[in-house]
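Peer 1: Below: one structure in structure tokens.
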Amino acid sequence: MSDPVQLRLARIEARLKSRYAAERRFKALGFAAVLFSALVLAFLLVTMTANALGGFQRTELKVPIDFSSGLLTVDPSQLQGPQAMQALEGAGLKDVVAFAAAKQLGDAGAAQVQDNAWRAVAKALIADPSRLSGTFAASLPASDDLAAAARGDGQETLRPLAAKLRAEGKLVSAIDWGFLSRGDATGPQDVGIWGALKGSMLTMLVTLALAFPIGVLAAVYLEEYAPKNRWTEIIEVSINNLAAVPSIIFGLLGLAVFLAIFPNFRSAPLIGGMTLALMTMPVIVISGRNAIKAVPPSIRDAALAVGASRVQTVFHHVLPLALPGILTGTIIGMARALGETAPLLMIGMRAFVASPPEGFTSPATVLPVQIFLWSDEIDRGFVERTSAAIIVLLLFLLVMNGLAIYLRNRFEKRW
């Protein structure tokens, strides 16, 4: 009798060891998967950040300008108001800057100062007119060729000049705060991200203003009011299919419908936001329905029992409790819309726009499209600017998600 019992116990013990071993292997595989994902993400962030360090910098030439010599005859009172830049241009500031650059850098070095470098000096003088009475240590943007030579690229004939100026402390790499306030340009030394960033903000505002209320109301109707019949099932299947449609299809829809109705608003944030709203709405509807369905039926029964109407039950009790889940779906949809490029390319938001958009109907571009355009440039300076723009896009996305998560936690209620 003891042998069969011992044999059975041995089998049970072997099965337990096998189960424990399988569990340990599963945990090890899960940990390896998480570790691999974290390493890939860390590699991506480190690579992007390392490249972006150069993108947030600009090659500049240090040139002292002596305004006390009387070369620039302008009244400090003229530096007030919108005509200040024109007053400095008329007073010959461009010639004064060119003369100071030639005196400090020589003819070869002065030729590598950008033609619009005097505008940086003009902005400094407008900000502080007292500089007109002394010597101003100006930081003038170098030409794209000299900047490339300073990085070891570009023309080999300029590399000795770049090395000489850098050794003398006249050629430096400084943090370019203007990258966050300028628009697009033809050279990497002049480009900025503000135009695309503002375009993304305006486009996202239009997307949220259209997709969120329409998506939530559609979810409420389908879950609380719509009769359960064949038409409702067709609508539900259609919404689920729309959530999986490739984004470029929505771009074709925006091209065929919205631009046909508003032909003068091509590449405007209004059209871009309407196109992305079509893409985002199904995600909000699906998440909204699931969140509304998760509210316990007892909440509805209690509200109806105390005399609340059906509308009051939905909007005063059910919808506030479902709001955190709805906001989660909205975060996912808006994050997807923020990174989309294909539908916006279809409606013309790939144009070169040098100035930031003034409103929802002005020509504009967005951050993903700007990154796409810069990545296609040959100059290495644009490669660094592209990485810097990616970092700005990630930060913008983190700010949006952080705000949405804060609102979700703020309205979250437990029962």
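Peer 1: From (1) open to solvent by less than 50 Å² (accessible area, probe 1.4 Å); (2) in contact with an Asp or Glu (Cβ under 7 Å, 6 or more places away or on another chain); (3) assigned to a loop (DSSP other than H, G, I, E, B), pick out the condition that doesn't hold for PRO368.
Peer 2: (3)
Peer 1: Run down PHE352, PHE411, PHE382 and say which single residue is farther than 30 Å from VAL285 by Cβ, open to solvent by 80 Å² or more (accessible area, probe 1.4 Å) and among the aromatic types (Phe, Trp, Tyr). Give the derivation first.
Peer 2: Working: PHE411 fails: farther than 30 Å from VAL285 by Cβ; PHE382 fails: open to solvent by 80 Å² or more (accessible area, probe 1.4 Å).
Matching residue, one of PHE352, PHE411, PHE382: PHE352.
Peer 1: I would also like to ask the following. Scan region 56-90 for residues that are in contact with a strand residue (DSSP E or B) (Cβ under 6 Å, 6 or more places away or on another chain) and hydroxyl-bearing (Ser, Thr, Tyr) and jot them down.
Peer 2: Scanning region 56-90 gives a single hit, THR59.
Peer 1: Considering region 121-141 alone, what residues qualify as being among the polar types (S, T, N, Q) and within 17 Å of GLN80 (Cβ to Cβ)? Full working, then the answer.
Peer 2: Kept after step one, since they are among the polar types (S, T, N, Q), are these residues of region 121-141: 130, 133, 135, 139.
Selection gives SER130, SER133.
Peer 1: I'd like to check which helices (runs of 4 or more DSSP H) are fully inside region 130-229 and have at least 3 residues that are of a type in the set (A, V, I, L, M, F, W, C), open to solvent by 50 Å² or more (accessible area, probe 1.4 Å) and modelled with pLDDT of 85 or more. Don't jump to the end; show me each part of the working.
Peer 2: Numbers: elements: 144-150, 159-167, 194-220.
By residue number, 194-220.
Peer 1: With the structure loaded, tell me whether GLY359 is assigned to a helix (DSSP H, G or I) and either within 23 Å of ALA185 (Cβ to Cβ) or under 30 Å from the mean Cα position of the chain (by Cα) (or both) or whether it fails that test.
Peer 2: On the way: assigned to a helix (DSSP H, G or I): no; either within 23 Å of ALA185 (Cβ to Cβ) or under 30 Å from the mean Cα position of the chain (by Cα) (or both): yes.
The answer is no for GLY359.
Peer 1: Looking at region 365-375, can you tell me whether even one residue there is of a type outside the set (Lys, Arg), in contact with a helix residue (DSSP H, G or I) (Cβ under 9 Å, 6 or more places away or on another chain) and more than 17 Å from GLY199 (Cβ to Cβ)?
Peer 2: Within region 365-375, one or more residues are of a type outside the set (Lys, Arg), in contact with a helix residue (DSSP H, G or I) (Cβ under 9 Å, 6 or more places away or on another chain) and more than 17 Å from GLY199 (Cβ to Cβ).
Peer 1: Continuing with the same structure: Can you confirm whether region 103-124 contains a residue that is buried (at least 19 other Cβ atoms within 10 Å of the Cβ), part of a helix (DSSP H, G or I), touching a helix residue (DSSP H, G or I) at 6+ places or on another chain (Cβ under 9 Å) and modelled with pLDDT under 80?
Peer 2: Among the residues of region 103-124, not one is buried (at least 19 other Cβ atoms within 10 Å of the Cβ), part of a helix (DSSP H, G or I), touching a helix residue (DSSP H, G or I) at 6+ places or on another chain (Cβ under 9 Å) and modelled with pLDDT under 80, which makes the answer no.
The values are calculated or read from the model by the stated rules, or taken from the named source; none is laboratory data. Remember, it's a predicted structure, so these values are computed and weren't measured experimentally. All Cβ positions, even for glycine, are placed from backbone atoms using ideal geometry, and neighbour counts span all protein chains on display. In case anyone asks, the SASA skips ligands and DNA or RNA and just uses the protein heavy atoms, side chains included. Shrake-Rupley method; radii C 1.70, N 1.55, O 1.52, S 1.80 Å.
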